[in-house]
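Heads up, the thing below is written out as structure tokens.
The values are calculated or read from the model by the stated rules, or taken from the named source; none is laboratory data. Predicted model only: the values in this text are computed from it and were never measured. Cβ atoms come from the backbone with ideal geometry, glycine included; neighbour counts cover every protein chain shown. Heavy atoms of the whole protein, side chains included, go into the accessibility calculation; ligands, DNA and RNA do not. Shrake-Rupley method; radii C 1.70, N 1.55, O 1.52, S 1.80 Å.
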Amino acid sequence: TWGYGNDNGPATWVKSFPVAAGTRQSPIDIVPTAAKCDTKLTENPLTVNYSPEPAMELCNPGLSVKANIKSKSVIKGGPLEGEYKLEQFHLHWGSADKQGSEHTLNGKMFPAELHLVHYNATKYSSFGEAVDKPDGLAVFGIFLKISDKPHQGLKSLTDVLSEVQYKDKSINIKQEYNPVCLLPDNINKYWTYLGSLTTPPLCESVTWIVFEEPIEVSEDQMKAFRALCCGECGSAPIVDNYRPPLPLGNRQLRASFQ
Ligand SMILES: NS(=O)(=O)c1cccc(NC(=O)NCCCCO)c1
Ligand SMILES: [Zn+2]
């Protein structure tokens, strides 16, 4: 099956998933000077209405760590038509701080990138129905950068990652958790473009919203992600689970700010 190694990594995915060679693939390199500032985005601000998740499920599907959301947490506005419901969030990270993010900023990689995955609940009845529709999904991309202070919102997760160290392990976070704590302070500054899932099946169904402001995490929190395993005890660590950027091609990258 697909992965991030030499024999099954991003360069091989096109064999089983021909859309990998498509015209709206993700991630991309974000070049702010090439983005078009679109006043329609500022006139119709992005609004986030997340709710606390009681007993949030955190799992290790083998190639990342993922939190599944049951509560009604929704977003709308900005580039979106209709209401999109939060389905899950997960991350991509590197084996070292110099790499790990999927989107890059003027060619620069961040140590990690957080994805909050929403589906178009106005038009579709489930994530599964929405996942392969051109207006099916909206994903928030949030860059992580290193600071000497841990990220308090992520701390509830990084403190228990050892309990989902191995593939197919899952736990429930006891304390109720509101994913709004993961967002940067300023969500009015973002870039948006039409793209895809960054992992197989690579469906071209994502309206990407990548925030300019990173969230700050500690080196210890990065080490906790890097201690997660791809399989059972003794298997390789989950690291470098990122797809490198694809060409923007004919797409317009829009900015919500000057
Ligand atoms: N990385 S991402 O583009 O945000 C994204 C969002 C939602 C789903 C996916 N990919 C998948 O669900 N792939 C199915 C198999 C995943 C195995 O862990 C990727
Ligand atoms: Zn992702």
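Can you list residues from other chains, or at least 5 along the same chain, whose modelled amide H is less than 5 Å from the amide H of Ser51?
When sequence neighbours closer than 5 places are left aside, the close amide H contacts are Ser73, Val74.
List the pair-distance distribution P(r) of the range 1-105, using every Cα-Cα distance, as the percent of pairs falling in each 10 Å bin from 0 up to the bin containing the longest distance, rounded to whole percents.
11, 25, 37, 24, 2
Tell me, what HN-Hα J-couplings in whole Hz come from the Karplus equation 6.51 cos²θ - 1.76 cosθ + 1.60 at θ = phi - 60° for each residue of the range 61-66, using x for Gly and Pro?
Each residue's phi maps through the Karplus curve to give x, x, 10, 6, 10, 9 Hz.
Is there a quick way to get the dipole size of the chain? I mean about its Cα centre, with the Cβ of Lys and Arg at +1 and of Asp and Glu at -1; what is the value in debye to the nearest 20?
Here the chain has a charge dipole of around 340 debye.
If you roll a 1.4 Å probe over the chain with all protein chains in place, what percent of the accessible area is carbon or sulfur?
53
Given the range 61-158 reduced to its alpha-carbon atoms as identical point scatterers, what log10 I(q)/I(0) does the Debye formula return at q = 0.10, 0.16, 0.18, 0.22 Å⁻¹?
-0.32, -0.78, -0.94, -1.16
Could you work out the local net charge near Ser73, counting Lys and Arg as +1, Asp and Glu as -1, over the other residues with Cβ closer than 10 Å to its Cβ?
Every neighbour counted, the sum reads +1.
Please express the shape of the range 196-258 as an equivalent ellipsoid: the semi-axes are the square roots of 5 times the eigenvalues of the C-alpha gyration tensor, given largest first in whole angstrom.
Semi-axis lengths for the range 196-258 are 30, 19, 9 Å.
I want the local charge near Thr192. Using Cβ-Cβ distances under 9 Å, sum +1 for each Lys or Arg and -1 for each Asp or Glu among the other residues.
0
log₁₀ I(q)/I(0) of the chain at q = 0.12, 0.14, 0.17 Å⁻¹, via Debye over equal Cα point scatterers, no solvent, to two decimals?
-0.68, -0.96, -1.50
Please give the net charge around Pro45, taking every other residue with its beta carbon less than 14 angstrom from that of Pro45, where Lys and Arg add +1 and Asp and Glu add -1.
Local net charge: +1.
Where does the Debye-calculated log10 I(q)/I(0) of the range 164-216 sit at q = 0.20, 0.24, 0.26, 0.32 Å⁻¹, using only Cα point scatterers of equal weight, no solvent?
The calculated log intensity ratios at q = 0.20, 0.24, 0.26, 0.32 Å⁻¹ are -0.98, -0.95, -0.95, -1.10.
Cross-link partners among lysines for Lys155, C-alpha distance below 27 Å, same-chain residues fewer than 8 apart left out?
The reachable lysines, counting only those whose Cα sits under 27 Å from Lys155, are Lys66, Lys70, Lys72, Lys85, Lys98, Lys108, Lys145, Lys167, Lys169, Lys174, Lys189, Lys223.
How many angstrom separate the Cα center of the range 3-63 from the Cα center of the range 179-240?
9
Give me the dipole magnitude in Debye, nearest 20, for the range 87-163 about the Cα centre, with unit charges on the beta carbon: positive for Lys and Arg, negative for Asp and Glu.
Approximately 280 debye in magnitude.
Based on the Kirkwood radius over alpha-carbon pairs, what value in µm²/s does the Stokes-Einstein equation return for the translational diffusion coefficient of the range 96-144 at 20 °C and 1.002 mPa s?
176
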